[in-house]
Amino acid sequence: MIDVQSQITIKRIKQKNRADQVTKSIFMGAGMLSASFIILIIVIVAIKGLSPFLITYEGYNSNIGILELPKVNPFLFVTANQWLDGPLGGSSAYGVGFAIINTIIAVILSIAITLPVAIMTALLIAKIAPKRFAEVLRTVVELLASIPSIVYGVIGLGVIAPIVASIGTLFGYQTAAGLSLLSTVFVLFMMTLPTITAVAETSIRSVKNDIIEGSLALAASPMQTYFKVVLTSAKSGIFAGVILGVGRALGEATAVSMVSGNAFSGVTLNVLDTTSTLTSRMLMGLKETTGIDYDVRFSVALVLMLVIIITNVLLKFVMKKVGNLDEK
Amino acid sequence: MKKIALTLVLVLTLTLSACVTGGEGNNDSFDETSSIKVYTRDTSSGTRDGFMSGIGFKAATKDDSILVPGFITAGNAEQVSAVQTDPYAIGYVSLSTLNTQLFKGLYFDGVAPTEANVLNDSYKLSRNFNYMLRDDYSVYGADAAAYEALSKAFIAYMGSTEGLASIAQAGGIVDLSSGQSWDTVKAQFPICEQDNSAYTLKIGGSDSVEKIATEISPDFSAKCGNVVPQHNHTGSSNAYKGLNGSNAAIDDALSIHVGFASREFTAQEPALVTGRVAVDAIVVIVHLENPLISITPSALRRIYSGEVTNWSVFF
């Protein structure tokens, strides 16, 4: 009788093991599938993006006929001041140098405006406002973060561009119906504000209470405490928010392409001039492209990813240096 | 704190009043010393092709780098809104989108941009959409007579009242009074009384004419025995090639029965049956406040190449 009992137990254990194995392989399969999508995307972007540098394409020139386009020179690609030198489909002299610098300028300007506003809003929500008002404000910020970027683009085109156009006439400067670096900066400000505010608010709230109480006990006013003690302690958290905001600003395509004017060439520091970012250059003229004009957009994507990686590394480096002074 | 709040309110009020007065200021006067803001279509546009050829700047059809620095690339609708808001903008759109209440269409070489002037050939900033048929149907063997009749019936349909109305609907400029009704025309094409669903009518050539062609073909199919239309628009040069040239063979992927071109056929593209389908006109547009009435092709060429960058040259 004992034998039968143990036989049944052994059978049940084996069944459980088999069920475990099956579920394990299902989970593994799902994980593999999702990982394979990322790998697929990276592989496709890498292959198509490196093609203009490695293979020769066939081009067409109305004077000469079919001709072989030379390979794109990587150095010229990242330093050129205009998008394409020559007729479309008949030249491989693409360049994004001006777009890289314009993108960085746009992002720096937008972060410069967004950061103070985001920190103040976060302080307001976390410390200063009464509980119910703070809840309402927090919900508003979360809602702002979930608005699709095309809506921001349409608002930029319909509301912000005319305002910038009248700012232009106020200063006696001609704008292209308001499409300019300034409109781009405003749109990016609206888009990155909720991101940075949310993260800053979380990190401000997680500052240890005894630091605040200690500062107040030393007769510092609440405002002095917030600015000198709380913000300094929450520094690394706020920085993480800045990194997220910069990532979003660098990757924004639709909204920016609607308000920036998509300039064909030129680096500009004049906020009322049209500009173009890497992402808006990728979108421009996408509808009927084939051949090298299509593949070169993947090359721009590679450059964009490189810029994002370098920016992240730089920001993390600064964060480490700055964050050395505090215990977090 | 109060001082900061006060200064903020002051700055906001000033900006808002600037918006209001800035907007009104635009409507009051046109500063003739300001620079020209040049708008163009993008390099894949057929309208750009027609415009640049019409002003003698053909090299700029596909090449953005020889245009004036600072030009803005914008589609039809965006150019329309740009010339309404920016008094110093200049652009070009298709004649079918001209709305003289909202913006101004310039005379081209002294000729007003109207459909009548386009049809009587006095408004020159236009291009003809032409068709071509095969010379040799024998490659189709037993179906040769059928395909020849179907192709000619298609052309006849485009000249009928119903066909002309469809073409006008698709944006082409035609003389609506010149057609006869399809019922009259149909009598010459008994093939349309039969069931043609076994035949595939291949239509190709210019992609600028694609909109017109795809608009007409379902109507034609319904009126002519349900022949199956198949579209392959790859460019004006492929009209001759697919009919009577290097791609005319029956098994060639580019071979067609009816070919369209958004230009005139050259001496290297001879055929027995060719003609005009419709006209596509382009009009140069500016803001209503702009005192300019007429413009010449050479002036446009100088504006778009960057030789002339200031409105003062015209006044």
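Derivation of every value follows stated rules applied to the coordinates shown; laboratory data play no part. The shown structure was predicted, so the numbers you read here are calculated from the model rather than taken from an experiment. A quick note on method: Cβ atoms are made from the backbone with ideal geometry, for glycine too, and the neighbour counts reach across all protein chains shown.
Taking the Cα centre of segment B:128-280 as origin, work out the dipole magnitude from +1 charges on Lys and Arg Cβ and -1 charges on Asp and Glu Cβ, in debye rounded to 20.
It works out to roughly 120 debye.
Overall, the anisotropy analysis places the protein assembly as shown in the oblate class: the square-rooted eigenvalues a ≥ b ≥ c of its C-alpha gyration tensor yield a/c not less than 1.5, with a/b not exceeding b/c. With N counted as the residues of chain A, its alpha-carbon radius of gyration over 2.2 N^0.38 Å works out to 1.35.
Normalised by residue count, segment A:1-158 yields a Cα convex hull volume of 300 Å³ per residue. Calculated on C-alpha atoms, the gyration radius of chain B divided by its Kirkwood radius gives an Rg/Rh of 1.12.
Of the Cα atoms belonging to segment A:1-83, the radius of gyration and Dmax stand at 29.6, 97 Å.
Thinking of segment B:36-157 as a set of Cα atoms, what percent of all their pairs are more than 25 Å apart?
42
Start at zero, step by 10 Å, and the Cα-Cα distances of segment A:191-328 spread as 11, 28, 26, 18, 12, 5, 1 percent across the bins. Please identify the DSSP H helices in chain A that span no less than 30 Å along the helix axis (Cα) and have a mean Kyte-Doolittle hydropathy of -1.0 or more. Long hydrophobic helices here: A:2-54, A:97-123, A:181-205, A:292-323.
Expressed to the nearest 5 percent, the antiparallel share of DSSP beta bridges inside segment B:128-280 is 55 percent.
Comparing A:Ser233, A:Ser25, A:Ser221 in a Gaussian network model of chain A, where Cα atoms under 10 Å apart are tied by springs, the biggest mean-square fluctuation is seen for A:Ser25.
Holding the Cα-Cα limit at 23 Å, pick out from A:Lys48/B:Lys241; A:Lys48/A:Lys316; B:Lys62/B:Lys152; B:Lys152/B:Lys223 the pairs that are longer than that.
Listed pairs above 23 Å: A:Lys48/B:Lys241; A:Lys48/A:Lys316; B:Lys62/B:Lys152.
Rounded, prolate or oblate for segment B:128-280? Axes are the square roots of the Cα gyration tensor eigenvalues, ordered a ≥ b ≥ c, and the cut-off for rounded is a/c under 1.5. Because a/c hits 1.5 or more and a/b fails to exceed b/c, segment B:128-280 counts as oblate.
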